[in-house]
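Everything below concerns the one structure shown next.
Each value in this text was obtained by applying a stated rule to the coordinates, not by laboratory testing. All of these numbers come straight from a predicted model, not from anything done at the bench. In this analysis, Cβ positions are derived from the backbone assuming ideal geometry, glycine residues included, and neighbour counts consider all displayed protein chains.
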Amino acid sequence: MNVAAVTASRATTQSLRTGGNKDRNVASLVFLCALWFSLFFGVAVLVVLIVDTAIAGAGRFDANLFTNYESTVRKGETGFRAGILGSLWLMMSTALLAIPLGIASAVYLEEFADSRAWYNKFVEVNLQNLAAVPSIIYGMLAAAIMTILGYTYQGIVLGGAIALALLILPVIIISTREALRAVPQEIRHGSLALGATVWQTTWRQVLPSAVPGIATGTILGLSRAIGEAAPLIMIGVATVRFDPAWLTDKVAALPVQIYNLASAPQEELQQAASAAIILLLLMILGMNALAILIRNKFQRNW
Amino acid sequence: MTIHSPTSTTDEILDVTDRTEAVNNGDASDLARTAPRGPVMETRDLNVFYGDFHAVHDVNLSFGRHEITALIGPSGCGKSTVLRSLNRMNDLVAGAKVQGSVTYHGEDIYGPKVDPITVRQHIGMVFQKPNPFPKSIYDNIAYGPRVTGMKVTDMDAVVEDALRGAALWDEVKDKLKSPAYGLSGGQQQRLCIARTIATRPDVILMDEPCSALDPIATARIEDLMSELKTEFTIIIVTHNMQQASRVSDRTAFFTARPDETTGNRTGLLVEFNRTQDIFEAPADPRTEAYITGRFG
Ligand SMILES: Nc1ncnc2c1ncn2[C@@H]1O[C@H](COP(=O)(O)OP(=O)(O)OP(=O)(O)O)[C@@H](O)[C@H]1O
Ligand SMILES: [Mg+2]
């Protein structure tokens, strides 16, 4: 290496080290600290909440929690059987209502609708807004629908399912549309150029390719629905002491039961509520994990 | 398919009501094969607009049976636009508008009773970028015959024929059930050609089918085109002058002319002739400038 090259390289290193970089370093350090603090704050609050709840409910992780109905007499053995079964019933019927409707709407909007028509634009804008509507509003809407349908007694599976389905419909529609949009246009064109109809193209090419994305979005929607109490309270879901057997049976729900017990004055009931909260969290965590699993397993790079 | 009188056949080729008949006979292109001699397709004063943008102006072309016609010209002169309007793929572009007429065996493919799905069953298309379906090699080929309702007694034979026709059989015969995405780019493109010929179209449109391929894969596809021309009528867009002169029988040269008022570049047909004439004795100075590389 000759002298000129050495000086040249030194000059380069020097120029890299001088200038206003120090100010920037301080600023970015401060900014980084702020980011870390925000992250720490969020996570810390969450951890404290979960640990606190887990400790409070630790004494009640027993079989009674799952097999017993709610009891205000034998408070130490009160259970969430009705709530757990009720939530499962609600989930199933919500899924049956919301998934076909949501996917069909998304397919219409993505594959068939003329996006320039005013009515489709109107739907589009409303869809975005619906996703932001407070869940309690959907409870009121479902209550009104139930009245129109002629169901006079409250808190039945169907009513809860309608409320929750309405709640997660926008989520399902939006995530399905994203999954459909991720299918490359070339696939559609390839199919249409062979003389397939739009319907055949959608059904045989686009939808199968979008299934992982649709499944992920749907499960995330359902895991939001399973934790909701407000819309269910709105349609009169309350405590019951039997297992639901049909859509028109009165039903309990885990979040509603938790809500009721957590505000009870008795220590044992609050303890049971804490245990149920952890149970609910585990259910939601499980569903989210499933969604991530599906996404990773079927992820396709076009 | 029994023999029709020439006029009635011509009238019925793209008639929607006729589609079931064609499908029942298992071979949509039978209809076209019984049609009278003369050009397979013709465009008359074809104009295409994308919204307000006038993309191509007054294109008059005619495509002869069992001929390869090459569309050449600088980028943006509307070659793909013209090609897509020949099998109504332009219908899929929002805001695209076609004026003038495109006839297939004398019948306007933009006529009121014509179903674009039927048009595309007769006039297939191969794209610039290989676009196999995310399915097995076998299912890629079988898809077309299945969705178009072709009566197929032996799908395995259809698949084999198509793959042989596209000179791909020997390379894939042992892995028909494996995903098409596992093939090389050149193989994928031949798979797309195989997929198209499996539906027995009459005309095959190809939009720069070799532009994503290396010279060897390109040579294979060029050989393939010369073989396919005995059965099909081929219209190909290419940027490769050599390719146009090697494979095509006729060549259409397009260019784009800026509009005086708006400055929009509207494509127009400059010269359409036998390929030999275009390359050896171009009549228009713009053609000569382009093929000798002094332009575009
Ligand atoms: N979908 C579309 N929407 C609006 N304008 C378009 C669309 N497709 C093409 N155009 C315009 O039409 C003109 C012709 O485009 P086209 O793709 O047909 O050109 P081309 O000759 O195939 O070019 P290339 O050789 O680069 O492929 C261009 O000005 C282009 O911008
Ligand atoms: Mg092009």
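Taking +1 at the Cβ of each Lys and Arg and -1 at the Cβ of each Asp and Glu, which of B:218, A:83, B:196 sits farthest along the dipole of the protein assembly as shown towards its positive end, judged by Cα position relative to the Cα centre?
The one lying farthest along the dipole's positive direction is A:83.
Once every DSSP H run of n ≥ 4 in chain A is given -39500 (n - 2.57) and the sum is divided by its residues, what mean residue ellipticity at 222 nm do you get, rounded to the nearest 500 deg cm²/dmol?
-24000 deg cm²/dmol
Mind pulling up the Rg/Rh value for the protein assembly as shown? Radius of gyration and Kirkwood radius, both on Cα.
Value, to two decimals: 1.12.
Compute the Cα gyration tensor for chain B, then decide on rounded, prolate or oblate, letting a ≥ b ≥ c be the square roots of its eigenvalues: rounded whenever a/c is under 1.5, prolate when a/b is larger than b/c in the other cases, and oblate in all that remain.
In terms of gyration-tensor shape, oblate.
At a Cα cut-off below 12 Å, give the aspartates and glutamates reachable from residue B:97, other chains included and same-chain residues fewer than 8 away excluded.
Candidates past the 8-residue exclusion: B:52.
Taking chain B as a Gaussian network, where each spring joins two C-alpha atoms under 10 Å apart, which residue of B:255, B:148, B:69 fluctuates the most?
Highest fluctuation among the options: B:148.
Would you mind checking which residues have amide H under 5 Å from residue B:107's amide H? H placed 1.01 Å from N; only 5 or more apart, or other chain.
Amide H to amide H, under 5 Å and 5 or more residues apart or across chains, residue B:107 pairs with nothing.
Pull out the extension gain between residue B:231 and residue B:216, defined as 0.36 nm times the separation in residues minus the alpha carbon to alpha carbon distance; nm, one decimal.
3.0 nm
Could you pull out every residue, at least 5 positions away or on a different chain, whose amide H is within less than 5 Å of the one on residue B:266? Hs are placed 1.01 Å off N in the peptide plane, and Pro or chain starts have none.
The answer is B:257, B:259.
Per residue of the range B:113-120, in order, report the coupling 6.51 cos²θ - 1.76 cosθ + 1.60 (Karplus, θ = phi - 60°) as ³J(HN,Hα) in whole Hz, putting x for Gly and Pro.
9, 8, 8, x, 4, 5, 4, 6
Which order do A:249, A:62 fall in if you start with the one that has the fewest other Cβ atoms within 10 Å?
Ranking A:249, A:62 by Cβ neighbours within 10 Å, fewest first, gives A:62, A:249.
Just want the ordering: A:28, B:248, from fewest to most Cβ atoms lying within 10 Å of their own Cβ.
In increasing order of surrounding Cβ atoms, one gets A:28, B:248.
Please report Rg over Rh for the range B:68-136, where both radii come from the alpha carbon positions and Rh follows the Kirkwood definition.
Reported Rg/Rh (Cα atoms, Kirkwood Rh): 0.98.
Taking the Cα centre of each part, how many Å lie between the range A:225-250 and the range B:59-84?
Between the Cα centres of the range A:225-250 and the range B:59-84 lies a distance of 66 Å.
Pick out the long, greasy-scoring helices in chain A: whole DSSP H runs spanning 20 Å or more along their own axis by Cα, mean Kyte-Doolittle at least 0.0.
Those that clear 20 Å and a mean of 0.0 are A:3-17, A:21-57, A:81-107, A:135-149, A:157-181, A:207-226, A:267-298.
What's the exposure ranking of A:108, B:143, going from fewest to most Cβ atoms within 10 Å?
Listed from fewest to most nearby Cβ atoms, that is A:108, B:143.
Add -39500 (n - 2.57) for each DSSP H run of 4 or more in chain B, then divide by its residues: what number comes out at 222 nm, to the nearest 500 deg cm²/dmol?
-10000 deg cm²/dmol
Between residue A:121 and residue B:153, what is the label-to-label distance in nm when each label sits 7 Å out along the Cα-to-Cβ direction?
5.7 nm
Placing +1 at every Lys and Arg Cβ and -1 at every Asp and Glu Cβ, with all other atoms neutral, what dipole size does chain B have around its Cα centre, in debye to the nearest 20?
Here the size comes out at about 580 debye.
Using the Cα centre of the range B:137-199 as the reference point, and only Cβ charges (+1 on K/R, -1 on D/E), how large is the resulting charge dipole? Debye, rounded to the nearest 20.
The dipole of the range B:137-199 has a size of about 180 debye.
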